[in-house]
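Below you'll find the structure, written out as structure tokens, and then a few comments.
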Ligand SMILES: [Zn+2]
């Protein structure tokens with residue numbers, strides 16, 4: 001309650017008498033109609049270019065947006081999210097004319113505390129004290145394997161972060177650390193990047209360690225060549241799931257931020273074997289800002305494939321690789337919002353859509369991959385310990401906030417927070 005009042009107060013002091021409200025875009029409402037209804041001249045749209053017009057077409061019925069109105073109810077500003085990072089801003093300029101712009105969404109992220117002594121049962125007590133069902137769900141995931149046996153008199157303390165935009169919640173809460181006090185014994189639960197709880201502040205990741213794998217796989221390749229795969233290339237991972245497709249996009253001279261995506265992203269867990277999409281020679285395996293650990297394979301016919309955000313290399317520069325060879329392990333290095341594999345394919349140094357040359361009907365290839373995976377699984381594994389980012393920092397922060405006597409944050413005290421936004425509101 002105090003937070004939102006403070007935020008509204010801040011806004012009110014900069015734009016006196018104005019009120020920010022969260023709205024839902026009406027189904028079927030045209031952008032021009034919205035402007036006219038709010039007394040905005042359509043002249044504003046004359047100067048828009050193709051990209052900006054395209055972006056307007058992406059506003060969807062039911063999506064959340066924000067309006068700033070003066071005390072007589074006149075529109076002053078509107079903010080309409082068009083992706084998880086960008087929003088349309090409509091606001092008056094110095095000449096009192098409405099202007100259209102596309103700006104990044106700047107979220108505010110706060111860290112809240114929960115400190116709950118169990119009276120009845122852990123989950124009903126957490127739900128009733130925090131009034132936040134999303135948070136309860138995240139805690140259930142984090143405490144899988146840890147929550148059994150927590151009973152009356154024990155306590156569960158935790159930190160979690162929550163993003164907000166213009167004073168409204170945005171996205172789900174993320175649990176950062178949990179401290180369980182069970183019969184006087186303290187247990188810390190550290191949270192990995194996927195929201196799972198760990199008993200120590202690091203994660204164990206398994207790697208295949210034997211080296212002559214690439215050479216040994218040659219016999220397997222015969223089966224691939226005899227199979228019914230007709231396309232030039234094959235998927236770089238088993239059970240491929242595309243999370244972001246290729247797009248030429250266009251560099252925008254004004255926005256500076258709308259970028260093309262010269263590749264296909266596959267959602268995979270860190271440590272997933274990455275396979276060569278075709279026969280070729282490894283021409284580079286290095287760290288680059290942006291792409292992180294990146295490996296490139298030169299194929300025949302002027303094709304080159306690029307595998308980015310890798311956790312580790314398996315093949316090295318100069319290696320001859322065959323289609324299906326495990327050449328690297330996927331990861332989250334470079335500029336990457338989560339573990340995934342970025343596959344780029346270039347023809348004579350120009351990016352092309354990978355999916356245009358990758359076999360869509362690769363069921364026979366999947367079979368071969370299964371066999372290769374069997375071979376992989378019989379190999380020796382090594383376990384590497386990777387520290388969980390900020391685990392120690394959050395542990396110290398939780399202890400110091402507990403020592404200062406801070407109480408569980410109660411989301412029921414503000415009506416607006418009952419209608420929480422989800423990530424979907426911005427996608
Ligand atoms: Zn990508």
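The values are calculated or read from the model by the stated rules, or taken from the named source; none is laboratory data. Just so it is clear, the model here is predicted, and its values are computed rather than measured. No Cβ is skipped: glycine too gets one built from the backbone with ideal geometry, and neighbour counts run over all protein chains shown.
Residues in segment 378-401 that are assigned to a loop (DSSP other than H, G, I, E, B) and within 16 Å of residue 174 (Cβ to Cβ) were compared, and the one that is modelled with the highest pLDDT is 390. For residue 335, the requirement of being under 22 Å from the mean Cα position of the chain (by Cα) and at pLDDT below 90 is met.
For (1) in contact with a strand residue (DSSP E or B) (Cβ under 8 Å, 6 or more places away or on another chain); (2) assigned to a strand (DSSP E or B); (3) without any contact (Cβ under 8 Å) to a residue 12 or more places away in the chain; (4) more than 17 Å from residue 59 (Cβ to Cβ), each residue gets a yes or a no:
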{"site": "72", "(1), (2), (3), (4)": "no, no, yes, yes"}
{"site": "77", "(1), (2), (3), (4)": "yes, yes, no, no"}
{"site": "89", "(1), (2), (3), (4)": "yes, yes, no, no"}
{"site": "109", "(1), (2), (3), (4)": "yes, yes, no, yes"}
{"site": "114", "(1), (2), (3), (4)": "yes, yes, no, yes"}
{"site": "120", "(1), (2), (3), (4)": "no, no, no, yes"}
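Looking at segment 402-415, which of the residues that are part of a helix (DSSP H, G or I) and surrounded by 13 or more Cβ atoms within 10 Å (Cβ to Cβ) is modelled with the lowest pLDDT? Looking at the filtered set, the residue picked out is 412.
Taking the criterion of being at pLDDT below 95 and under 28 Å from the mean Cα position of the chain (by Cα), no residue of segment 294-308 qualifies.
What residue, of 56, 82, is touching a helix residue (DSSP H, G or I) at 6+ places or on another chain (Cβ under 6 Å) and over 23 Å from residue 169 (Cβ atoms)? Spell out how you get there, then give the answer.
Working: 82 fails: over 23 Å from residue 169 (Cβ atoms).
None of the others qualify; the one that does is 56.
Picking from residues in segment 268-290 that are crowded, with 17+ Cβ neighbours inside 10 Å and within 16 Å of the ligand (Cβ to nearest atom), the one that is nearest to the chain's Cα centre (by Cα) is 268. Picking from residues in segment 44-84 that are more than 18 Å from residue 102 (Cβ to Cβ) and loosely packed, with under 13 Cβ neighbours inside 10 Å, the one that is modelled with the lowest pLDDT is 71.
Answer yes or no: is there a residue in segment 300-313 that is more than 13 Å from the ligand (Cβ to nearest atom) and surrounded by 20 or more Cβ atoms within 10 Å (Cβ to Cβ). Don't jump to the end; show me each part of the working.
Of segment 300-313, the ones more than 13 Å from the ligand (Cβ to nearest atom) are 300-305, 311-313.
Checking the rest, the ones that are also surrounded by 20 or more Cβ atoms within 10 Å (Cβ to Cβ) come to 305, 311.
The answer is yes, given that some residue of segment 300-313 is more than 13 Å from the ligand (Cβ to nearest atom) and surrounded by 20 or more Cβ atoms within 10 Å (Cβ to Cβ).
Do we find that residue 96 is more than 30 Å from residue 30 (Cβ to Cβ) and either out of contact with any strand residue (DSSP E or B) (no Cβ under 6 Å at 6 or more places or on another chain) or loosely packed, with under 14 Cβ neighbours inside 10 Å (or both) in this structure? Show your work before the answer.
Values: more than 30 Å from residue 30 (Cβ to Cβ): no; either out of contact with any strand residue (DSSP E or B) (no Cβ under 6 Å at 6 or more places or on another chain) or loosely packed, with under 14 Cβ neighbours inside 10 Å (or both): yes.
Taking the combined requirement at face value, the residue does not satisfy it.
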